[in-house]
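Here is the structure we will look at, set down as structure tokens.
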């Protein structure tokens with residue numbers, strides 16, 4: 001018995017029982033000693049013990065010894081006391097007992113209750129108690145008793161025979177196996193009708209304010225099930241939340257916290273919290289909806305955090321484990337935005353381009369283009385942030401604009417929240433230079449970093465498709481250089497730098513529309529963006545959904561026509577790729593103008609996009625391959641930086657009075673105006689004497705002999721050294737030896753015949 005109690009979790013009871021048994025044994029032993037083994041007091045007459053007296057003592061002692069040595073049979077007998085055994089003499093006796101028990105259940109004489117919601121491996125009410133709590137067990141038993149009593153009362157009041165056609169289905173269909181739904185819903189809230197321990201009905205318990213389960217949700221793969229909940233906050237504002245069903249596991253504290261944060265009032269008692277979980281799980285609304293954790297296009301419908309625009313085959317809702325901040329806020333209408341903000345953008349290429357970028361976000365998918373971005377760089381107070389605020393006003397208020405100051409994980413989540421729209425990031429300097437390039441790759445690659453769960457399985461990745469617009473005082477390349485990181489061409493292609501200065505002497509502005517200065521114009525735009533925003537973006541999405549059948553064809557045709565007109569002849573594929581993104585922005589602004597949303601004259605968006613593209617192309621250094629330019633610049637930068645310190649003069653290499661070259665990278669040799677190299681000091685003396693005249697110095701050029709390991713490891717760091725040598729050779733900046741591909745063999749001073757890379761003075765004449 002003690003062992004069974006210990007296994008059942010009543011260890012404290014076993015300890016108390018053992019202590020009491022020991023105390024009792026001490027007193028019993030004292031009594032036995034006095035009765036049978038002690039000497040009687042004087043004058044006391046004591047009878048002698050007979051054989052019948054010693055017999056029960058001997059039997060008891062033998063029984064205690066057997067129990068101590070062989071406790072198993074006794075414990076088995078004790079633990080089997082709670083098990084029902086059917087003893088039969090024939091087979092019919094057992095069958096008769098089973099039939100009697102079944103008849104008692106059917107007639108309501110006996111009530112059977114079975115545990116629900118057991119964890120994996122659970123089998124009884126003790127497992128249900130451990131998983132859900134004692135209140136859940138009591139609520140289940142109380143509901144079963146109430147259902148049993150209600151069924152008996154209904155049987156007494158209703159006719160003996162009924163048909164399904166005689167009854168209408170209830171408003172909230174009861175769960176399978178239940179006689180009735182214990183929950184009722186009215187304007188006051190959700191109520192639960194239960195019974196007490198004696199089976200008597202209790203007053204209805206208020207669970208929460210009115211909460212309706214409108215639909216059951218699931219994703220396209222048939223997983224990710226959830227519930228579409230609708231309610232109103234204390235101010236009467238309607239709220240809607242697609243809650244994942246997995247949030248109901250455990251104690252449910254996470255989903256209740258989210259509901260409380262949105263304004264649902266919940267009773268504070270533990271039983272009410274458990275009943276709320278039971279209420280949600282037992283609803284059968286009869287309507288299904290598709291859920292997604294990503295905003296943007298889904299078929300011909302556009303999903304936003306709190307609404308879905310456009311029609312699709314089935315209702316689509318946004319589902320998230322937490323309430324997502326709604327940055328798509330609306331204030332005033334689209335006409336106000338057009339008259340108060342759109343009209344002031346006319347004549348300002350940077351402002352028109354920024355606003356058109358917002359319209360271009362939803363057109364990425366119809367155009368079949370990949371993600372990418374633009375970066376407006378320029379000095380402080382030039383109007384960069386003002387342009388970003390106007391772009392943010394298309395979809396929301398000031399909270400729509402984000403900052404670069406964030407972690408990688410947070411930036412991934414923010415990107416997923418701006419899918420098929422425009423992500424605005426201000427102040428590039430707030431992120432480390434070595435991280436900036438990685439973020440540019442991450443945003444353009446449309447997928448988050450692969451991570452693993454606790455058990456080692458791959459976690460689901462976040463995905464998106466978006467345009468991003470950034471601003472900062474430095475460009476991406478300069479900012480990465482501060483972090484001792486070299487910018488790759490792929491990063492510059494994915495995030496095109498646009499100079500903020502429009503060339504009119506007014507920073508990012510070209511037309512102030514009658515304002516006294518750029519500061520006054522910028523302040524006015526900021527105020528207007530705060531009081532008028534969001535409606536024009538929603539109107540554009542509605543227009544795009546209404547024209548979804550022809551939107552892809554029209555967008556692609558416009559982008560192709562503009563890019564073909566803008567791209568110079570013989571431009572590299574990188575330039576064509578970026579030009580298509582600029583063309584998308586121009587086409588998006590034109591479509592928004594066609595929809596009557598911007599108030600811009602015809603061609604305004606295309607002109608602004610063309611001006612920004614030309615500014616990017618000029619700052620880039622031409623329409624050639626960006627990697628070629630980067631290679632030439634890398635070699636020239638190394639020679640310009642280390643030419644005096646790490647290269648020994650050829651003609652003074654053997655001069656003991658010459659300063660020693662530390663960490664030598666090679667040799668440099670003068671070439672006179674006739675192209676004759678100066679090989680030794682004697683030749684220099686004959687040609688120029690001790691000192692070189694200024695006129696002679698201007699006619700002298702320098703060629704460099706780079707040692708092979710320095711060229712490969714330092715000069716070409718980050719590049720394939722053979723590709724760099726090939727580019728130098730194509731541009732006439734490398735002179736190989738006879739019969740050799742790139743390097744040459746020279747008798748270097750002090751080193752003998754060695755391999756080296758001979759860089760000609762033509763490198764410094766290249767326009768890169």
| field | helices (runs of 4 or more DSSP H) fully within segment 489-581 counting 3 or more residues that are assigned by TED's automatic domain parsing to the domain that holds residue 356 and farther than 30 Å from residue 634 by Cα | value | 518-531, 535-546, 548-566
| remark: Screening 514, 507, 483, 534 for residues that are touching a helix residue (DSSP H, G or I) at 6+ places or on another chain (Cβ under 6 Å) and on the phi > 0 side of the Ramachandran plot leaves only 507
| Of all residues in segment 615-638, which are out of contact with any helix residue (DSSP H, G or I) (no Cβ under 7 Å at 6 or more places or on another chain) and in a loop (DSSP other than H, G, I, E, B)? | 622, 624
| helices (runs of 4 or more DSSP H) lying entirely in segment 404-487 (those with 2 or more residues that are closer than 21 Å to residue 370 by Cα) | 408-416, 433-445
| said: Looking at segment 706-742 only, could you name the residues that are in contact with a strand residue (DSSP E or B) (Cβ under 7 Å, 6 or more places away or on another chain), free of Cβ contacts under 8 Å to residues at least 40 places away in the same chain and assigned to a loop (DSSP other than H, G, I, E, B)? | reply: 735, 736, 737, 742
| query | Out of 641, 648, which single residue is assigned to a helix (DSSP H, G or I) and within 30 Å of residue 752 (Cβ to Cβ)? | reply | 641
| remark: Considering segment 656-678, residues that are in contact with a helix residue (DSSP H, G or I) (Cβ under 6 Å, 6 or more places away or on another chain), touching a residue at least 24 places away in the same chain (Cβ under 8 Å) and not in a strand (DSSP E or B), and then whichever is surrounded by the most Cβ atoms within 10 Å (Cβ to Cβ), we arrive at 665
| query | Can you find even one residue in segment 331-352 that is within 30 Å of residue 140 (Cα to Cα) and in contact with a helix residue (DSSP H, G or I) (Cβ under 6 Å, 6 or more places away or on another chain)? | reply | no
| query | Within segment 209-223, can one find any residue that is at pLDDT below 90, crowded, with 20+ Cβ neighbours inside 10 Å and touching a strand residue (DSSP E or B) at 6+ places or on another chain (Cβ under 8 Å)? | reply | no
| query | Has segment 564-585 got any residue that is buried (at least 22 other Cβ atoms within 10 Å of the Cβ), farther than 16 Å from residue 498 by Cβ and within 32 Å of the chain's Cα centre (by Cα)? | reply | no
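The values are calculated or read from the model by the stated rules, or taken from the named source; none is laboratory data. These figures come from a predicted structure and were not determined experimentally. Don't worry about glycine lacking a Cβ; one is built from the backbone with ideal geometry, like all the others, and counts go over all protein chains shown.
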